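Engineer: Dropping the structure in here first, questions after.
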Amino acid sequence: MAVPSSGAVGFSTVNAVFGYGNHMSQYAGRVYYYTNGVSTLTGNFPTSNFHMSQFYGKSGHDEWNCACNCDCACGK
């Protein structure tokens with residue numbers, strides 16, 4: 001599951017997706033995954049001074065290319 005692409009986003013939602021905690025500092029510099037509709041891309045959260053909107057559409061794992069049929073983090 002990814003953080004929704006729009007609307008209000010709180011740390012309860014962000015933590016449910018990433019699992020790093022409820023403080024912005026726990027996400028600084030961490031890798032995230034997102035899709036542009038064609039490919040899965042990665043990035044890193046800034047190390048300081050970033051906004052909650054940085055979480056829109058992002059996930060802590062590559063849920064778009066999971067090929068397994070299991071009950072893993074990708075949800076497939």
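Derivation of every value follows stated rules applied to the coordinates shown; laboratory data play no part. These figures come from a predicted structure and were not determined experimentally. Here Cβ is always computed from backbone atoms with ideal geometry, including for glycine, and neighbour counts include all displayed protein chains.
Engineer: Keeping to region 1-34, report how many residues are in contact with a strand residue (DSSP E or B) (Cβ under 9 Å, 6 or more places away or on another chain) and either more than 19 Å from HIS61 (Cβ to Cβ) or among the basic types (Lys, Arg) (or both).
Structural biologist: Adding up the residues that qualify gives 1.
Engineer: Can you tell me how many residues within region 37-54 are surrounded by fewer than 12 Cβ atoms within 10 Å (Cβ to Cβ) and either of a type in the set (Gly, Ala, Ser) or out of contact with any Gly (no Cβ under 8 Å at 6 or more places or on another chain) (or both)?
Structural biologist: Number of matching residues: 8.
Engineer: How many of the residues in region 7-44 are in a strand (DSSP E or B) and not hydroxyl-bearing (Ser, Thr, Tyr)?
Structural biologist: 4
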